[in-house]
Structure formats: C-alpha cells, structure tokens
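Trainee: The structure that follows is given in the form of structure tokens.
The numbers here are math on the coordinates, done by the rules we state, and not lab data. On a predicted model such as this, the values are computed, not experimentally measured, just so you know. Using ideal geometry, Cβ is built from the backbone for each residue, glycine included, and neighbour counts are taken over all protein chains shown.
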Amino acid sequence: MTPPWFGASSTSSVAKASSLATVHLREGRERPLRREHPWVLSGSVDHVEGDPESGDVVRVEGAHGERLGVGDYDPDSQIRVRMHGFGPTDADPDEDWLLARIEAALAWRATHPALRDTDAIRLIHAEGDGLPGLSVDRYADWLVLKLTTPAMWRRAQRIGEILQPLTGAQGAWLRGDTSVQTERALFGSVADEPVQIHERGRAYWVDLRHGQKTGFYLDQRDARDLFRRLAAPDVRALDLFSFTGGFALAAQQGGAREVVAVESSLPAHKLLCRNAPGVEAVLGDVPEFLRKDERRFDLIALDPPPFARRKRDVSAACRAYKDLHLWALRRAQPGAHLLSFSCSHHVGAELFAKVVLSAALDAGAELQVLGTLGAPPDHPLALTHPQGAYLNGLLLRVVEPA
Ligand SMILES: C[S@@+](CC[C@H](N)C(=O)[O-])C[C@H]1O[C@@H](n2cnc3c(N)ncnc32)[C@H](O)[C@@H]1O
C-alpha cells in the first residue's frame, strides 16, 4: 500500500546553469573522485579557473585535464565541492538530476517494508540519496528541510515545487545550519505549535521550527522499538539524555513498571512531560543525576549528544563516554540491558566498543554485546561516502555475577 506521504508526480521549470568554472585538482588527488566520493576538500584544490560564486555548479578536473565530474561550489567550506555527477559528464542545464533523485528517494521509501507504521520518516538523506546538502523529513502532514550548502539554498524554491505535489504536504519549513534569519516556510503554512506524529503505536509532539535536528530523532526509531520490546512489566527503565521522551514513551508502551527520564533542555523537558505523562521526568544534568540517584534499573538508554564534533575532540570525547558508562553501569541491575550510543562520526564503532570495555573493566562489570545498533533504512549510507556514518550503538547485557 502506498503510504500517505507519497503523492502524484510533478514537473516544473528550473533556472538554466551558466557556463562553468573549473576546479583543477592537485597532482594525485583524482582517486577518490574516480571512486565517486562526493567531496572535494580544499586541500585537494590546485587552482580554480573562472570566477565561480558560492553555490555555482563547477566542473572538476584532474591535474592532467581528466574530467572527473560536476558539483556544487562553496568557497567558504573545507568541503569545496560537493559532487553530483561523475566522469566526463557536463552540468545538466535543467538540473533534471535533482528531480530524478528526489523522485527516486521518495519512491523506494514508499514501499519499503521496514518503513511502515509511521507518519514520520526521513525522505531525503543528503549524500546517502545522492543529494549532498539536502535533508528532508516528513512529520505527518508537514515537511522540514535542512539545507546545508549555498547551492541547495539557491535551489530551495525548485525543491519546494518538486516536493509539494510529490508529498501532498500541507506545508514545508526550511531550516539552515548557520543562520536563523533564513529559516522560513517554503510552501504552505507550518504552525509555530508542536505537531503530533504517530510512530509504531507511539504518539509524540514535535516542535518543527525550534526542536533539535529537524524536531525529532528519527534515526532512533528502530532502537525505540527494541527498547519497547525489552520493557517487560516488571522492568524499571531509565532514559538518559531523553530529549522529548523517545525511549521513555517506548518503555511505557512496553509496560515497564517505572520509567525515569533525564534531560537538561527545558523546551525538550516540557515536550517530554506532554509526550509521556506518568514518566518521572527529571530536568537536569545526566552525570549529576547518576552520581546522586542511587536507584538501579533493568533497562537503560544512554544517548548523549555528539561529544566529538571535530577530529581533535576525540580524546576528550572518549574520556566523557567512559565516565558516563562507569556511572551508568553503577545504576544497572545484574541482567540489565543497556542501549548505548555515540553519534560522533569521529568515534567509530571499534573505538566506541573499546571505551565501553574500558569503563566495564573499571566498574568491575562483565558485559555481553547482544547486537549492534544504528540508523534505520530511511537514513541510507552511500558506500562511496563512509563519512556519512555517524550513529554507533551497542545493545549490552550486564552479566550476573556467578
Ligand atoms: C542525542 S539527543 C537524545 C535523543 C533522544 N534519545 C531521542 O531518541 O529522542 C541528546 C540529548 O541530550 C541532551 N543533553 C545534552 N547534555 C545533557 C546533559 N549534560 N544532561 C542531560 N541532558 C543533556 C540534549 O538536550 C539532547 O536532548
């Protein structure tokens, strides 16, 4: 069955591309582009021929004139060009690639069996869908777009013209990375009040305009389902860094006898209280809570914000992850399940597991890994772009002492 977020097809006119400037790479920097990696970093650029403006489409050539493809230029970013065509291709003056990729991204999701039973879904996941700089989330009848490149901001109107008939959405809200002034409705109307979404039998209020990310952590949908399954009626559950109560409500849905959620942001805490009445909602700092509250839990979600936004933050992030696990393990009953996450790309799965092991050794706890966790299928990773991997999770079990 076709879900409600997929509608009729559209075609409409777009601006013509002007003649292209060319970014020439330094000697030996062609290989990633031959393998269709979508980024040209500033350090790979030898010189630029022509005078491209921020957001222009440029051609990219190797040191010996090999035509490597075309992409979006951003002189102010370390990622100087984000590629959307490879090989001896030239720029598509009507940008039909944009329409084709948006249609493709929506089409496969519309029938994917792992994306049923929710009206909140990521429709476009940037490089993962061949659309660098563009993320689009559907929340019931509304869309939230996150545009992270000057080129995608320039295309905003055209993207709206494509999405409106395809999705039948009532309104779309544009969000940026940097400048709040540019945030606005792209089409239709988007209320300043939270809207309600329904995910696998759970109803959440989502603040589309002001909430973190685009309003909700859609990437934890499958982990919330797992949390629900682990929350049997005799279970005492703890949702740490709970935001608006994603895991807390899933634990209630599973029938947990007691659910505690800890979050430091006041707007998120207020929505948490609305989403999951009956949960003990603590407005405060997680490390402080873990040091002071002496209760023990059978099921814990540990989903902190990204501790390492840059490579140089990795050591400090590992120390912070280790401390958190040390304290969380002190609050875990023997036999407890712990769902633990890192959403820092720079802390890869292997390093994250080492940090958890080191905390377990210091805490005198034995842990089993029952599974690995990650983003659901509406957040695809392009194999050509390993930098797109960011969410590493472990399902851990605290082994009872012999
Ligand atoms: C990755 S998000 C959690 C998402 C949530 N698990 C969900 O599925 O919706 C991290 C959350 O931690 C909160 N936070 C950051 N630092 C905190 C702290 N020291 N104590 C409590 N909450 C914190 C942020 O406000 C944010 O809501």
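Trainee: Nearest 10 degrees is fine. How inclined is helix 314-330 to the longest principal axis of the chain, computing both from alpha carbons?
Mentor: That works out to roughly 30 degrees.
Trainee: Once R0 is set to 51 Å, what does the formula 1/(1 + (r/R0)^6) return for the Cβ-Cβ distance between LEU357 and ASP94, expressed as a FRET efficiency to the nearest 0.05?
Mentor: 0.40
Trainee: Calculate, in nm to one decimal, what ASP46 and LYS213 gain on full extension: separation in residues at 0.36 nm each, minus their alpha carbon distance.
Mentor: Going from the current span to full extension adds 56.6 nm.
Trainee: Indicate, rounded to the nearest 5 percent, the antiparallel portion of the DSSP beta bridges found entirely in the range 96-195.
Mentor: Around 75 percent antiparallel, to the nearest 5.
Trainee: When the Debye formula is applied to the Cα atoms of the chain, each taken as the same point scatterer, what base-10 log of I(q)/I(0) results at q = 0.06, 0.08, 0.12, 0.14 Å⁻¹?
Mentor: So the normalised log intensities work out to -0.27, -0.48, -0.99, -1.24.
Trainee: Tell me the relative contact order for the chain as a rounded percent, counting alpha carbon contacts under 8 Å between residues six or more apart.
Mentor: 12 percent
Trainee: Ok, one more. Which residues' amide hydrogens lie under 5 Å from the amide hydrogen of ALA120, considering only partners 5 or more residues apart or on another chain, with H built in the peptide plane?
Mentor: The answer is ALA140, HIS198.
Trainee: Here's a follow-up. Rounded to the nearest 10 degrees, what's the angle between the helix 156-167 long axis and the longest principal axis of the chain, both from Cα atoms, 0 to 90?
Mentor: 60 degrees
Trainee: Looking at this model, which pairs from LYS146/LYS270; LYS270/LYS354; LYS146/LYS311 are more than 27 angstrom apart at the alpha-carbon?
Mentor: Beyond 27 Å: LYS270/LYS354.
Trainee: Related question: Over all alpha-carbon pairs of the range 96-195, lay out the pair-distance distribution in 5 Å bins, whole %, shortest bin first.
Mentor: Result returned by the calculation: 2, 13, 26, 27, 19, 10, 3, 0.
Trainee: So, R0 is 30 Å and r is the distance between the beta-carbons of ASP222 and GLN387; what FRET efficiency does that work out to, to 0.05?
Mentor: Given R0 = 30 Å and the Cβ-Cβ separation, E is 0.85.
Trainee: Taking 1 over the mean of 1/r across every pair of different Cα atoms in the range 53-149, what Kirkwood radius in Å do you get?
Mentor: 15.0 Å
Trainee: Can you list the equivalent-ellipsoid semi-axes of the range 217-398, largest first and in whole Å, using the square root of 5 times each Cα gyration tensor eigenvalue?
Mentor: Listed largest to smallest, the semi-axes of the range 217-398 are 24, 19, 16 Å.
Trainee: Rounded, prolate or oblate: which fits the range 21-86 when a ≥ b ≥ c are the square roots of the eigenvalues of the alpha-carbon gyration tensor, with rounded for a/c under 1.5 and prolate only if a/b beats b/c?
Mentor: rounded
Trainee: Gain in length, ARG319 to ARG257, computed as 0.36 nm per residue apart minus the alpha-carbon separation, to one decimal in nm?
Mentor: Gain on extension, ARG319 to ARG257, equals 19.0 nm.
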